[in-house]
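> Mind having a look at this structure? Questions to follow.
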Amino acid sequence: MEDFTKEELAKYNGKDGAKCYMAYQGKVYDVTESMLWDDGDHQGMHEGGIDLTDEMDDSPHDDDVMEEIPVVGTLID
């Protein structure tokens with residue numbers, strides 16, 4: 001497991017062949033292989049490389065979907 005600052009996380013935006021990571025409640029998830037994160041874009045609503053904790057309340061799904069995504073690290077301040 002690796003620690004990520006928000007600046008480091010931003011490098012994993014899924015663009016130009018980069019891995020696509022996103023954070024939620026302090027954990028960093030690898031969504032690179034997800035069909036729902038095409039080229040770092042989540043259905044035109046979110047970009048990779050950011051903390052989506054505050055966005056989850058507006059999503060059409062519960063946070064239990066996070067259980068299916070590999071955790072690769074921790075988001076630190």
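The values are calculated or read from the model by the stated rules, or taken from the named source; none is laboratory data. The structure presented is a predicted model; accordingly, all values stated were derived computationally and were not measured. Every residue, glycine among them, receives a Cβ derived from its backbone with ideal geometry; neighbour counts consider all protein chains shown. Surface areas here come from the heavy atoms of the whole protein model, side chains and all, with no ligands, DNA or RNA. Shrake-Rupley method; radii C 1.70, N 1.55, O 1.52, S 1.80 Å.
> Looking only at the chain, where both bridge partners belong to it, what percent of the DSSP beta bridges are antiparallel (to the nearest 5)? Show your work: numbers first, answer last.
Numbers: 11 of 15 bridges.
Of all bridge pairs located within the chain, approximately 75 percent are antiparallel.
> With springs only between Cα atoms under 10 Å apart, run a GNM on the chain and tell me which of Met35, Met45, Met66 wobbles the most.
Result for the chain, Cα springs under 10 Å: Met45 fluctuates most.
> Cα convex hull of the chain: mean projected area in nm², to one decimal?
Values: hull surface 18.9 nm².
It is 4.7 nm².
> For Asp77, what charge total do you get from the other residues with a beta carbon under 13 Å from its beta carbon, if Lys and Arg give +1 and Asp and Glu give -1? Don't skip to the end; give the middle numbers.
Values: positive: Lys6; negative: Asp3, Glu7, Glu8, Asp51.
Residues close to Asp77 contribute a combined charge of -3.
> Here is a follow-up. Dipole size in debye (nearest 20) for the chain around its Cα centre, Lys and Arg Cβ +1, Asp and Glu Cβ -1?
On the way: 5 positive and 22 negative charges, 66 e Å.
Using only the charged Cβ atoms, the result is roughly 320 debye.
> Can you give me the long-range amide H partners of Val28? Hydrogens built in the peptide plane at 1.01 Å from N, cutoff under 5 Å, separation of 5 or more residues or another chain.
Val72, Gly73, Thr74, Leu75
> Per the 1.4 Å probe, what fraction of the accessible area of the chain, in percent, lies on carbon and sulfur atoms? Intermediate values should be presented prior to the final figure.
On the way: 2360 of 5210 Å².
Accessible surface attributable to carbon and sulfur in the chain totals 45 percent.
> May I ask you to compute the full-extension gain from Glu7 to Asp39, defined as 0.36 nm times their residue separation minus their alpha-carbon distance, rounded to one decimal in nm? Please list the in-between numbers first.
Working: separation 32, 0.36 × 32 = 11.52 nm, distance 1.93 nm.
Length gained, Glu7 through Asp39: 9.6 nm.
> Could you report the chain's accessible area per residue, 1.4 Å probe, as an integer in Å²?
Details: 5210 Å² over 77 residues.
Computed with neighbouring chains in place, this is 68 Å² per residue.
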